[in-house]
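Structure first, commentary second.
The values are calculated or read from the model by the stated rules, or taken from the named source; none is laboratory data. On a predicted model such as this, the values are computed, not experimentally measured, just so you know. Cβ placement follows ideal geometry from the backbone for every residue including glycine, while neighbour counts extend to all protein chains displayed.
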């Protein structure tokens, strides 16, 4: 009987619980954004200053695709392809972060919109900033994996952990879909 | 499933062969769930004493009107730190400590799913607590109440760093709590010993699982509110800034979305203790285990939807108030069902009134009272009179002390022999129970009357000549009696460690897996991972002609 | 709250009585059963058998029974509660209602009578209202943090929240003087943010309101005390209608002597108390927003004498 005893992998439960709890955190900032939509007394409003971040979104969402390709390559033992697609994922994530930084630079310097300006500024920077922070943390772990594989460590033995990291990455992308819809589509 | 008695050395306790440095290192660097569990409990008890002393100061100030025992500023700091400490530095580590110590033992595992995360959780909690208390060294002690309403917490009305200490201390400790909760879920899902299906999991583990899931859902709102407040205070953002159109009620909504279910987070482990202690000392299995598990799940789901019963007076619509009032009354039903099931467990049993069972009985009666005063508060119209009065203070101390602390004492006396290998004194335990019972009721029953007579909460003094003096004085005298009770508890623990009888593996003749390990358990818990066939594996061993698995 | 004198207070009182009855009955039954069980099923001291009692795992019928009955009880209470909530919250003001607007401050109450065009502080007068013919409707606002207005005999409490207007109403059936307090922690002197509500027969109320409407009479020459009021910069915070003193930060002092209390309920309004308050309000209310004047001797006497003329 003991031989037939199979329980879910604890790492998968752990990462799923992390995703659950982070989802609720994001939900709170989305709710704040929605509640304060259109309530600003002064200052620039979303439709005055926001442009659809199309390229950044395409990059981030494609990075979900490239990370899946990387995982498949790893499963098949094709380390060269794994490294290629993993690098692509990192590059796409990096593009997203630089695009966000550029957008913020424009908003602060040209449009005079800061977190202090009005309710829109407060809820916009906190929500997009929270998401960007999560992308950044994901990037750090992606880089660690990349470094490990380039330094010749046996990444295949860590297939489980690479899979969990990719789940986190998909989560971060899914959150972006929500943020994009709420801030750039509905909110404008 | 024979177990071998291991000498104390192997459990990490001091012997002549180990230096102090080695022992300290073993505890500071540990990832063993039992050591971390004990560390949580010890820190929790220390914070309990500190916070209790604050309550003593509060009661001395309120013993007579216009007293000058402490200044108004100090008083406001006292009730803020008292509440914050009790919820976050006593209640939460209790959840983590009990869960981390007992869950692996009860499911036949060697440790939690993520031992290093476990250690992180403990040190984050301790660091958060130290951060909060360091506010004393900086002369910036928080004074906004444990639920710090905006805009009183804004930089305008609270310019110094005291509120920052409050937010950051609790936030950091909260990260530890979330880490602990992830660990409990992963452990109960993935680390059960062969044969232990979810149905056969002890009630205690079920409850800790639901508790962990609840934490994962409600601590993010707390973190969100705290991040928003910090952004307002540090960067002048506008989350709670009325001048920019901000809605100060947003804080209340988000905080209470955390704050109300938090009380279930705190009490669930006590329910879990009750579901272990009451059956063992009644000599019967828990009555209606599926109903008990369902009740916990129902409380979870309804409990996250009742938060605005803390906001009946802010001017929400009649529809909102009615919704939240109804939902709050509904959540009382599964709670009541649990009390009925514990009573039914005792009914027809052969009850042994050892110290754990005395405290369990105290819990049952006092938690019943607390639940009923809660129903009175749930009805919005009557709440409009009772809200923010001493009636509420009486109500929640009945749930927290009459319920939580009494249940916790039941658990501590129950598992003390397992953790230390020694028995406490039944005589001192009995004295502790009766004296603390009297002291607790003498302090907190009068508070309901003070509330009826119009005494608001969070006041450092009150108008003489309105009938409040008598009740306040009686409440304060009760504190003296409670102190005696707590001292007896401390004496009993010391006596148990020093002179207590050897406990053996299973001093209470219980039925769950932790009683199969030695007392205290060795670092690896079980020599061989057990295989179980029912919810009460030791019952099956002791009663081979009448095992549980034939009836489950 | 057990001496309800308004319709809302009576609704709340009745709700409370129903609650007492139901929770009292539940307590009697459940606690009774618990105590009975605790006593009846103790292990007998002479029980050496070592046998365990019958191992009962549960009973679906019993679970159903003690689930359904509480649901029915909740149904009843929730229904009564809903009706009460709507009755109190959704009452719109009749045409002849008296309107009063209260603004909460740290740590005092600003009271406006828009229909009469005057402002007072810390003492609210309302007329007796038989059969709701002259109910008083309150608008509640805050200038700083959240406060809450509660006069137990006259009804439940409602919060005063910045950037929000809340509403409350009362139709007191008896004259009298009733103490109220702030019931939302608002800072260091929350405990002393008290107030009095004076319920008067309609004729007395009209007389009071007419008197309050009058500005302070203008004397033929400025008194020494009035000069002192200026010199000590009292006008920076306080208004006295009929003079040039127009400060808006503190309570309006017009007709100060018509009030029973000083400092929002901290001291009775006597000359000695007024003097002590002016010298240093921090003695009676440490942390309140009024600074010590440190006046003494003749200056102090003149100022107090002036204030004593504000009847």
- Task: Looking for whichever is within 30 Å of residue A:187 (Cα to Cα) and touching a residue at least 40 places away in the same chain (Cβ under 8 Å) here; the options are A:58, A:19, A:54, A:67. Which one fits?
- Result: A:19
- Odd one out for residue C:105, checked against (1) crowded, with 18+ Cβ neighbours inside 10 Å; (2) modelled with pLDDT of 95 or more; (3) farther than 30 Å from residue B:326 by Cα; (4) touching a strand residue (DSSP E or B) at 6+ places or on another chain (Cβ under 7 Å): (4)
- Note on the structure: In the set B:165, B:137, the lone residue that is farther than 21 Å from residue B:400 by Cβ and in contact (Cβ under 8 Å) with a residue 12 or more places away in the chain is B:165
- Message: Based on this model, can you work out whether residue C:184 counts as within 30 Å of residue A:39 (Cβ to Cβ), free of Cβ contacts under 8 Å to residues at least 60 places away in the same chain and in a loop (DSSP other than H, G, I, E, B)?
- Response: yes
- Out of all the residues in segment B:447-470, which are more than 14 Å from every other protein chain (Cβ to nearest Cβ) and surrounded by fewer than 20 Cβ atoms within 10 Å (Cβ to Cβ)? B:469, B:470
- Task: Could you grab me the full set of residues in segment B:116-127 that are surrounded by fewer than 24 Cβ atoms within 10 Å (Cβ to Cβ) and either away from chain A (no Cβ under 14 Å) or under 19 Å from residue B:42 (Cβ atoms) (or both)?
- Result: B:119, B:120, B:123, B:124, B:126, B:127
- Query: When you go through C:256, C:249 one by one, which is the residue that is within 23 Å of residue C:114 (Cα to Cα) and crowded, with 16+ Cβ neighbours inside 10 Å?
  - Reply: C:256
- Item | Those residues of segment A:19-72 which are in a helix (DSSP H, G or I), away from chain B (no Cβ under 14 Å), over 23 Å from residue A:169 (Cα atoms) and in contact with a helix residue (DSSP H, G or I) (Cβ under 7 Å, 6 or more places away or on another chain), in sequence order | A:46, A:49
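Go through B:416, B:444, B:489 for me and flag whichever is within 20 Å of residue B:396 (Cα to Cα), buried (at least 19 other Cβ atoms within 10 Å of the Cβ) and within 26 Å of the chain's Cα centre (by Cα).
B:444
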- Task: Would you check which residues across segment C:259-302 are within 22 Å of the chain's Cα centre (by Cα) and more than 29 Å from residue C:117 (Cα to Cα) and list them?
- Result: C:284, C:285, C:286, C:287
- Among the numbered conditions (1) at the interface with another protein chain (Cβ under 9 Å from one of its Cβ atoms); (2) at pLDDT below 95; (3) buried (at least 21 other Cβ atoms within 10 Å of the Cβ), tell me where residue B:325 comes up short. (2)
- Looking only at segment B:191-247, count how many residues are in contact with a helix residue (DSSP H, G or I) (Cβ under 7 Å, 6 or more places away or on another chain), closer than 30 Å to residue B:540 by Cβ and facing another protein chain (nearest Cβ under 7 Å). 2
- Task: Determine whether segment C:51-68 contains at least one residue that is within 30 Å of the chain's Cα centre (by Cα) and surrounded by 15 or more Cβ atoms within 10 Å (Cβ to Cβ).
- Result: no
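Have a look at B:391, B:396, B:359, B:340 and point out the one that is within 11 Å of chain C (Cβ to nearest Cβ) and either over 21 Å from residue C:155 (Cβ atoms) or without any contact (Cβ under 8 Å) to a residue 60 or more places away in the chain (or both).
Only one candidate passes the filter, namely B:340.
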- Query: All but one of (1) crowded, with 23+ Cβ neighbours inside 10 Å; (2) more than 13 Å from chain B (Cβ to nearest Cβ); (3) without any contact (Cβ under 8 Å) to a residue 40 or more places away in the chain hold for residue C:161; which doesn't?
  - Reply: (2)
- Query: Just wondering, is there one or more residues in segment B:298-318 that are surrounded by 23 or more Cβ atoms within 10 Å (Cβ to Cβ) and closer than 19 Å to residue C:58 by Cβ?
  - Reply: yes
- Which numbered condition residue B:380 fails, given (1) buried (at least 22 other Cβ atoms within 10 Å of the Cβ); (2) more than 7 Å from chain C (Cβ to nearest Cβ): (2)
- Query: Which of (1) more than 14 Å from chain C (Cβ to nearest Cβ); (2) over 18 Å from residue B:415 (Cα atoms); (3) assigned to a helix (DSSP H, G or I) does residue B:492 not meet, given it meets every other one?
  - Reply: (2)
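Name the single residue, out of those in segment C:82-96 being touching a residue at least 12 places away in the same chain (Cβ under 8 Å) and in a loop (DSSP other than H, G, I, E, B), that is nearest to the other protein chains (Cβ to nearest Cβ).
Going residue by residue through segment C:82-96, those that are touching a residue at least 12 places away in the same chain (Cβ under 8 Å) are C:84, C:87-88, C:91, C:93-94, C:96.
Checking the rest, the ones that are also in a loop (DSSP other than H, G, I, E, B) come to C:91, C:93-94, C:96.
Values: C:91: 10, C:93: 16, C:94: 19, C:96: 24 Å.
My answer is C:91.
Within segment A:105-133, can you find the residues that are farther than 30 Å from residue A:156 by Cα, under 17 Å from the mean Cα position of the chain (by Cα) and either outside any helix (DSSP H, G or I) or touching a residue at least 24 places away in the same chain (Cβ under 8 Å) (or both)?
Going through segment A:105-133, the residues farther than 30 Å from residue A:156 by Cα turn out to be A:105-130.
From the residues that got through so far, the ones that are under 17 Å from the mean Cα position of the chain (by Cα) too are A:124-130.
Answer for segment A:105-133, where residues must be farther than 30 Å from residue A:156 by Cα, under 17 Å from the mean Cα position of the chain (by Cα) and either outside any helix (DSSP H, G or I) or touching a residue at least 24 places away in the same chain (Cβ under 8 Å) (or both): A:124, A:126, A:127, A:128, A:130.
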- Note on the structure: residue B:179 passes all but one of the listed conditions (1) crowded, with 20+ Cβ neighbours inside 10 Å; (2) away from chain A (no Cβ under 14 Å); (3) under 18 Å from residue B:41 (Cα atoms); the exception is number (2)
- Query: Can you tell which of C:15, C:38, C:1 is part of a helix (DSSP H, G or I), touching a residue at least 60 places away in the same chain (Cβ under 8 Å) and at the interface with chain B (Cβ under 7 Å from one of its Cβ atoms)?
  - Reply: C:15
- Message: Let me confirm something: among A:100, A:89, A:114, which residue is on the phi < 0 side of the Ramachandran plot and within 14 Å of chain B (Cβ to nearest Cβ)?
- Response: A:114
